Amino acid sequence: THSCSTSVAPCVETPFTHYLKLRASAGFQFINFDTGRRIGDTSYGSDFYANLLLSHRINAAISQTLAAGHESQLGVNSNFVVLNYVRHTATWNIINHVLLATEAFYEDGDDSGGVFSEHIQRYGGAATVGYQLTPHVTLGLRYQYTQKQSDQPLRDYKQNRISFDGTYSF
């Protein structure tokens, strides 16, 4: 199937202080699909979206963000998933050339339909360690835990994911 996604929205960012700022956006999304016969999902997405992002620089070494929102994303087992979410991220620049980051999240979502239609809740967290090897090369190691609960039988899971990456910046 083919899809087309369009969204239109204003975005506003305002600093409360030098260390605290808020970014907000809201709009409307349209997601159209040419067919859904294979998975039985013939729905189209047209829904509002809204996102809030609060950024807080605690000091020169530690910063955090808190994000909350409502949006539609392209689905894996359906045409789209409508999600409500809350995410917290903290970065800890407390060791020279080393980036430490932690994340926590909660998502509540609904598939658009079809044979795999379900209501889900996902939550979890992650920890990332990055090391700047040279001015151009950074190495990273990440661990993420995700737990999914579904209203459909046999669709719950617990996931442990470890990834290692290398980045070269020009």
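The values are calculated or read from the model by the stated rules, or taken from the named source; none is laboratory data. This structure is a prediction, so every number in the text was calculated from the model and none was measured. Methodologically, a virtual Cβ is constructed for each residue, glycine included, from the backbone with ideal geometry; neighbour enumeration extends over all protein chains shown. Calculation scope for accessible area: heavy atoms of the full protein, side chains included, ligands and nucleic acids excluded. Shrake-Rupley method; radii C 1.70, N 1.55, O 1.52, S 1.80 Å.
A few notes on this one:
- Surface accessible to a 1.4 Å probe, per residue, for the residues of the chain, Å²: 64 Å²
- Segments 80-92, 138-150, 158-170 sorted - mean Cβ within 10 Å per residue, highest first: 80-92, 138-150, 158-170
- Full-stretch length increase - Ala26, Gln73 - with 0.36 nm per residue and alpha-carbon distance subtracted: 15.4 nm
- Additional length obtainable on full extension of the chain from Phe164 to Val98, 0.36 nm per residue less Cα span: 22.3 nm
- Full-stretch length increase - Arg57, Gln144 - with 0.36 nm per residue and alpha-carbon distance subtracted: 28.9 nm
- Heavy-atom accessible surface of the chain: percent carbon and sulfur, 1.4 Å: 60 percent
- Cα gyration tensor shape of the chain, rounded if a/c is under 1.5, else prolate or oblate by comparing a/b with b/c: prolate
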